[in-house]
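Here's the structure, in structure tokens; my notes come after.
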Amino acid sequence: MDDIPSRLSRRHALGALGSAALLATWPASSRAQSASTATRLLVGFPPGGTADVLARALQTRLPHGDAPLIVENRPGAGGRIAVSELKNAPADGRTLMVSADPILTIYPHVFPRLPYSTLTDVVPVAPIASEPVGLCVGPMVPAGVRTLADFLAWCRQHPKEAVYTTAAAGTTMHFVGSQLGHASQVDLLHVPHRGGAAAVQDVMGGQMASTVTSMSLAMPHLGSGRLRALAVASPKRWKRLPEVPTFIESGFPAIRAEVYYGTYLRAGTPAAQIEQWHQAISTVTRSAPLLAQLEQLSLDPMTLPQRDFAALVRADLERWGPVVRASGYSADD
């Protein structure tokens with residue numbers, strides 16, 4: 001979910017462009033208030049992952065008055081430590097979190113003792129980017145298997161090889177594979193890895209038949225001949241792979257999943273500050289330098305009004321509940 005290398009050859013040389021214009025509109029009271037207090041962008045994963053790369057892109061472009069704007073990595077517990085840090089921060093608009101959505105939309109159904117509530121402890125501010133999830137196969141699966149239907153037929157004929165691997169248990173990818181198994185009545189064994197890169201490498205190396213993965217992670221390998229995309233879980237075909245059908249087109253209308261990355265504040269932050277951050281982040285997301293960076297990362301830019309982003313998070317929180325329960329999976333901690 002968050003182990004995609006940045007794959008960037010430069011560290012945002014154009015990052016300062018646009019920030020000066022944004023700073024001119026930043027309220028003077030906020031600039032004065034910030035003079036002695038750093039603003040933090042929390043990330044629940046180590047440096048180098050997608051959320052970290054996006055946080056650092058915002059860091060170089062967002063207005064922040066006279067105080068530093070710092071990225072603070074709080075890795076551990078699959079991103080939950082960062083959410084707890086946000087929950088316990090003052091509700092003063094000086095601590096934000098950059099995160100992928102499953103930490104707030106799927107984890108509440110996975111972890112029985114989660115130390116935060118998506119609905120009462122955090123406020124969605126602005127989305128940044130999204131990407132589809134997809135199913136890819138490697139050389140273990142014959143070249144004649146060209147469609148999702150072909151793959152499922154092959155799995156029925158080779159039940160011991162009917163395996164899909166993912167970045168980790170309890171993720172979007174895990175439950176997309178679970179949905180596919182239930183809907184197709186094919187017994188697909190889930191094998192979680194410690195990161196999506198390892199999962200993709202095992203499929204490319206012929207150790208595993210398939211992976212459900214973030215498509216930005218798969219993209220660099222799809223031309224190698226060792227990884228083939230059979231379906232994407234976006235509502236419509238992905239612009240970067242227009243020849244690859246959706247799960248919906250392939251006969252599975254309930255399988256729809258995109259991972260999106262966004263910014264969050266602690267609940268209780270004044271509405272004016274929430275709107276201020278929303279406007280600033282959305283302006284950066286629409287800027288040419290960030291759009292170019294997202295293209296390099298195979299991520300799709302995403303902007304929504306703040307109320308619509310909050311509604312999306314609430315809807316996905318509700319939507320994933322039945323999927324997780326149907327899988328029978330529950331984390332131990």
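The values are calculated or read from the model by the stated rules, or taken from the named source; none is laboratory data. Because the structure is predicted, anything quoted here is derived from the model rather than measured. No Cβ is skipped: glycine too gets one built from the backbone with ideal geometry, and neighbour counts run over all protein chains shown.
Quick check on my filter: what residues within the range 300-325 are over 23 Å from Asp121 (Cα atoms) and either out of contact with any helix residue (DSSP H, G or I) (no Cβ under 6 Å at 6 or more places or on another chain) or without any contact (Cβ under 8 Å) to a residue 24 or more places away in the chain (or both)?
Asp300, Met302, Arg325
Run Phe247 past the list (1) within 28 Å of Tyr107 (Cβ to Cβ); (2) assigned by TED's automatic domain parsing to the domain that holds Ala55; (3) in contact with a helix residue (DSSP H, G or I) (Cβ under 9 Å, 6 or more places away or on another chain) and report the number of the one that doesn't hold.
The failed condition is (2).
Restricting attention to the range 221-242, report how many residues are without any contact (Cβ under 8 Å) to a residue 24 or more places away in the chain and surrounded by 16 or more Cβ atoms within 10 Å (Cβ to Cβ).
The number of residues fulfilling the criteria is 2.
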